[in-house]
Amino acid sequence: MKRREFITLVGGAAVSWPLAARAQQPAIPVVGYIRSGSRVASAQLEAAFREGLRSEGFEEGRNVAIDYRYAELHYDQLPAMITELIRRQVALIYAGDIPTAVAAKATSPTVPIVFRIGGDPVELGLVGSLNRPGGNVTGVSFLSSATVALRLQMLHEAVPNATVLGLIVNPRNSNSAPDTREAQEAARQLSLELHVANAASVPEIDSAIASLMQRRAQALVIGGDAMLTNRRQQFAVLTMRHGLPATAPTRDFADAGVLMSYGASNVDGDRQGGIYVGRVLKGDKPADLPVQQSVKVELVINLIAAKALGLAIPLPLLARADEVIE
């Protein structure tokens with residue numbers, strides 16, 4: 001064999017061996033990440049989810065891929081979006097709220113599903129029990145109904161002269177009925193008048209608040225719902241325009257300019273959700289993973305909003321705040 005032919009043969013082998021080895025490497029698992037809301041509003045939650053994944057040894061782009069899907073509040077599109085993820089043969093589906101979790105459960109009885117929701121997964125039919133979910137679904141839950149009563153009580157502390165309150169809920173959310181009952185009972189115990197307004201779509205938020213103002217509402221409780229959360233900037237503008245002190249379930253509202261927020265930490269919930277996704281990717285079965293209860297709650301008070309509304313927040317309430325925005 002001539003020297004030039006030998007060099008060509010060796011050089012060709014050096015190129016082909018790595019290519020062949022790469023071709024034989026198994027594809028990395030794909031996680032179908034889906035939410036009913038807007039991606040613009042979910043940057044912190046995505047980051048927390050990836051943090052949870054990393055704690056289990058999975059890093060996006062290295063040994064796991066994430067296919068992000070957002071319905072942008074078009075709930076009717078969720079089944080088709082989930083079906084598309086299943087066709088892509090994702091390793092599992094991460095459902096970031098109640099509408100996506102319910103749609104995923106109804107669409108796939110076999111693909112593993114990890115949810116992160118603010119509600120009772122047993123009542124929603126997602127799992128058989130919290131300790132032994134059974135089936136292909138498990139996840140993280142923060143039971144949010146009880147916080148509605150606490151939010152109303154704290155709002156009463158912040159605005160003690162307000163005797164007429166409004167509650168805005170999305171009637172399409174399964175939590176709206178228990179939230180309403182909790183708020184009504186809390187208002188009754190405090191001898192407050194409570195009016196409930198429904199907003200099932202973005203255009204209805206303006207009309208809902210307008211109807212509450214016609215009924216002389218002096219303060220507002222905002223119910224927990226993805227559609228409402230995605231319009232937190234709108235709520236900040238409207239509550240300031242109407243001089244309406246308001247309380248909401250997540251700190252996003254206080255950050256946006258609403259007076260105060262109290263509720264479960266969504267960021268902590270998504271971090272725990274990422275951990276559970278990592279465990280399923282390692283081989284744990286959803287049926288054997290108890291539903292995790294996210295118990296971290298936070299009270300955030302926006303003193304800039306308080307000043308604009310002409311309010312002096314009582315010191316005992318300020319002392320209980322986890323964060324004060326000044």
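Nothing in this text is a laboratory measurement; each read-out follows from the coordinates by a stated rule. The shown structure was predicted, so the numbers you read here are calculated from the model rather than taken from an experiment. Here Cβ is always computed from backbone atoms with ideal geometry, including for glycine, and neighbour counts include all displayed protein chains.
Taken over the Cα atoms of the range 186-241, the convex hull encloses 84 Å³ per residue.
Counting only aspartates and glutamates at least 8 places from LYS105 when in the same chain, those with an alpha carbon closer than 13 Å to its own are ASP97.
Fewest to most neighbouring Cβ within 10 Å: what's the order for ILE325, ILE304?
Working: ILE325 16, ILE304 13.
Result, fewest neighbours first: ILE304, ILE325.
Working from the alpha-carbon coordinates of the range 279-326, get Rg over Rh, Rh being the Kirkwood radius. Before the final figure, lay out each step's value.
On the way: Rg = 19.7 Å, Rh = 14.1 Å.
That ratio equals 1.40.
Taking the longest Cα principal axis of the chain as reference, the axis of helix 202-214 is set at about 10 degrees.
Over the chain, all Cα pairs binned in 10 Å intervals from 0 give whole-percent P(r) values of 6, 25, 29, 19, 11, 4, 3, 2, 1, 0, 0, listed from short to long. Plugging the Kirkwood radius over Cα pairs into Stokes-Einstein for the range 56-164, at a temperature of 37 °C and a viscosity of 0.692 mPa s, what D comes out in µm²/s? It comes out at roughly 204 µm²/s. Counting neighbouring Cβ atoms within 10 Å and putting the fewest first, the residues VAL40, VAL300 line up as VAL40, VAL300. Listed values for the range 128-138 are Karplus-derived 3J(HN,Hα) couplings in whole Hz (6.51 cos²θ - 1.76 cosθ + 1.60, θ = phi - 60°), namely x, 7, 5, 6, 10, x, x, x, 10, 10, 7, and x replaces Gly and Pro. Take the Cβ atoms of ALA65 and VAL202, set R0 to 41 Å, and the FRET efficiency comes out at 0.80.
Cross-link candidates for LYS282: which aspartates and glutamates have Cα within less than 14 Å, leaving aside residues fewer than 8 places away along the same chain? In chain and number order, the partners are GLU56, GLU59. Among ASP255, ASP288, ASP97, a tally of other beta-carbon atoms within 10 Å of each Cβ gives an order, fewest to most, of ASP288, ASP255, ASP97.
Label positions at GLU323 and THR83, each projected 7 Å from the Cα along the C-beta direction, are separated by 4.1 nm.
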